[in-house]
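Before any comments, here is the structure.
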Amino acid sequence: MDATMLLCDHAEAINGKLYIMGGGWSVCPPGPRNMTLAVKILVPWDEANEEHRFRVSLMDDAGNIVELGEPPKAVVHEGQLVVGRPPHIKKGTPLDVVLAFGFIGLPLASKASYRWQLEINNEPVCDASFQTTEGN
């Protein structure tokens, strides 16, 4: 499977389209931070009508899942998706799935590097890296 992920201030997935505000950044002040991941997944034709599990995780620069808050909790969102084949689409055409994952008040450290990773069916498919500045 192929996917694209974009860091945004805000995004919504409505009727198969992504509506994005403040998208495409890779540097932000330290937290608390609000952000949304805008994701477009291309599901292969022959994998339609099957359940696919996904997971987005915030990772540190060493590849560990970040735990934030009190008590610390892993910054992860998991779910599943099933995409059907719409009528009148040419056989073999990849099928679009758009998703938006919002995260509110992430207490991000100063001068740190992070990476969001998207896995589908336990396989990494894309990531989006960013770093925080020294101060607000």
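Here, each number is a calculation from the coordinates, and none is a lab measurement. Treat the numbers as computed from the prediction; the structure is a model and nothing was measured. Don't worry about glycine lacking a Cβ; one is built from the backbone with ideal geometry, like all the others, and counts go over all protein chains shown.
Structure values in brief
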| quantity | calculated |
| --- | --- |
| Listed residues Ser113, Leu68, Val39: farthest to the positive end of the dipole of the chain (Cβ charges) | Val39 |
| Sparse-neighbourhood loop sites, GluC sites (Glu not before Pro) in region 1-104 - DSSP loop, at most 14 other Cβ within 10 angstrom | Glu50, Glu51 |
| For the chain: rounded, prolate or oblate by the Cα gyration tensor [a/c cutoff 1.5] | prolate |
| Ranked by how many other beta carbons lie within 10 Å on average, peptides 121-128, 39-46, 70-77 from highest | 39-46, 121-128, 70-77 |
| Cα-centred dipole magnitude for region 25-87, charges only on beta-carbon of K, R (+1) and D, E (-1), debye, nearest 20 | 240 |
